[in-house]
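Before any comments, here is the structure.
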Amino acid sequence: MKKHNFNAGPSILADEVIENAAKAVLDFNGSGLSVLSISHRSKEFDAVMEEADRLFRELLAIPDNYRIVYLGGGASTLFYEVAANFLGRKAGYVNTGVWSKKAIKEAKRYGEVEVVASSEDRNFTYIPKGFAVPADLDYLHITSNNTIYGTEYHEDISSPVPLIADMSSDILSRPVDVSKYAMIYGGAQKNLAPAGVAFAIIREDMLDRIVRDLPTMVSFRTHVENNSMFNTPPVFPIYVLMETLRWLKSIGGVGEIFRRNREKAALLYDEIDRNPLFRGTVEKEDRSLMNICFVMADGYEELAPEFMEAAKARGIVGIKGHRLVGGFRASCYNALPAESVRVLVECMQEFAAKHA
Ligand code: PMP
C-alpha cells in the first residue's frame, strides 16, 4: 500500500531525491565508487559542496555577505554554539515552545538571557507580537516554526539587534528576507536531508562579534574559513541536501513550494475547521504551514484511537501528536504531495460521516 508520510522529522523527501541518492550509493556519477566511500576532499565532493552552495543561495536569495556552513551535531548543538560564539553579556530569546526553551537553557550557560516575549501563558498556541526588543542585547533569538506546537511566524520580524533564527522546520518552505537575519540555522532533517547535518547561514560581520576564545570546532569562524571542511563533514547527508535543492529548483523554487504549501495547509485546516469531530489547537493567524496540529473536538475525545486506526488503514503514517499537545500532528513538509493531504482529509470526512 502507498504510504502517506506525515512524520515530523526525519521526514519525507522527494521520491526523485531518494532515487538519485540510492543510485549514488551504488555508483556515484559513474565514478565506480559509492558516495558513501568517497573522500570529502575529492573533486567529486567539492562539486557537490559548490552546487549546494550555489543552489541554496539562489533558492533563498541569500546575499553575498552571508556564508553557508554544514555542521554535525544537529540544531541542538547549535543551541549552545550560538550562545558560546555571540553571548557576551545578555541575549534576548522569544519563548515559543520546547525548542526555544532548550535554546534558552543552553544560552544561560554563557550569560544573561532576557525572555523578551513568551506564549507559554496559553500553552504556546500563538506567536507573540509587538514586543519591545531592548537595544543592548547581543542578539535576539527566535524559533521561526514550532514543530511541536504548530505555530509559525508568517513575517520576518525587525530587530534592532542581530536576529538569529532556528528555522529547522520551515527552511526553504517560504520566502524569507535573509537580510533581516544575522544568522539562520537548523537541523536539515525535515525539508532538506536525512538526519546527520545541520546548516547555518551566517552574515560575515558576525564573525567579528565572536565574544570568547572557543574550542576550534565550536567557533563558527573555523567552519566558515574552512568551507565546512575543517574536519570530515557529513558527506552523505550533504549530498542528499544538494539533491533536494536540485529538486526544489526543478519544480519552480521557493515561490512555487510556498504556493503548494499554502494550498496543502488550507486543505487540511479547512477540514479541521469544518469537521465537527476535530478542532485545531492554534490561533488561526499563527498556524504553521508545516506542522498542523489538531485534536478530537469536545465530547469526541475517546474516538482518537479509532481515528488513528482508520488513518493507518489508509497508509497514513506519523500523525500522532507530540505528547505535550496530544491528538494529531500532520507534518506537511515541502516534499509531501497534496495527494497525501487529500487522503487524510477524506479519512476525516468518512470518520465524521460514521460518527457525527
Ligand atoms: N529546533 C527545532 C525547531 C526542531 O524542530 C528540532 C528537532 N525536531 C530541533 C531544533 C532539534 O534538532 P536536532 O534534533 O537536529 O538537534
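Using the membrane-span-like helix rule (whole DSSP H runs, Cα extent along the own axis of at least 30 Å, mean Kyte-Doolittle hydropathy at least -0.5), which helices of the chain qualify? All intermediate terms of the calculation are to be shown ahead of the outcome.
Details: long enough: 253-274 (32 Å, -0.81).
What comes out of the filter, once short or polar helices are dropped, is none.
For the chain, set up a Gaussian network in which alpha carbons nearer than 10 Å are linked by springs, and say which option among LYS264, LYS108, LYS23 fluctuates the most. Sorting by GNM fluctuation, first place goes to LYS23. Among ALA165, ALA61, ALA188, the residue with the largest mean-square fluctuation in a Gaussian network model of the chain, with springs joining Cα atoms closer than 10 Å, is ALA61. For the chain, modelled as a Gaussian network with Cα springs under 10 Å, which listed residue fluctuates most, LEU245, LEU33, LEU137? Fluctuation is largest for LEU33. Here is the list for segment 110-218: chymotrypsin sites (Phe, Trp or Tyr not before Pro) lying in DSSP coil, each with at most 15 other C-beta atoms within 10 angstrom of its C-beta, are PHE131. With all pairs of different C-alpha atoms in the average, the Kirkwood value for the hydrodynamic radius of the chain is 21.2 Å.
What is the percent of Cα-Cα separations in segment 1-67 that go past 20 Å?
Values: 1089 of 2211 pairs.
Tail of P(r) above 20 Å: 49 percent of Cα pairs.
How large is Rg/Rh for segment 215-266, to two decimals, with Cα atoms and a Kirkwood Rh? Don't skip to the answer; put the middle values down first.
Working: Rg = 16.4 Å, Rh = 13.5 Å.
Dividing the radius of gyration by the Kirkwood radius yields 1.21.
Indicate, rounded to the nearest 5 percent, the antiparallel portion of the DSSP beta bridges found entirely in segment 15-250. For segment 15-250, the DSSP antiparallel bridge percentage is about 45. With θ taken as phi - 60° and the Karplus curve 6.51 cos²θ - 1.76 cosθ + 1.60 applied, the whole-hertz 3J(HN,Hα) list for segment 275-282 is 7, x, 8, 10, 8, x, 9, 10 Hz, x standing for glycine and proline. Both radii come from the Cα set of segment 253-355: Rg as radius of gyration, Rh as Kirkwood radius; their ratio Rg/Rh reads 0.95. If only the Cβ of Lys and Arg carry +1 and only the Cβ of Asp and Glu carry -1, the dipole of the chain around its Cα centre is close to 420 debye.
Readers should treat all values here as calculations from the given coordinates under stated rules, not as data from a laboratory. This structure is a prediction, so every number in the text was calculated from the model and none was measured. Note: ideal-geometry Cβ built from the backbone for every residue, glycine included; neighbour counts use all protein chains shown.
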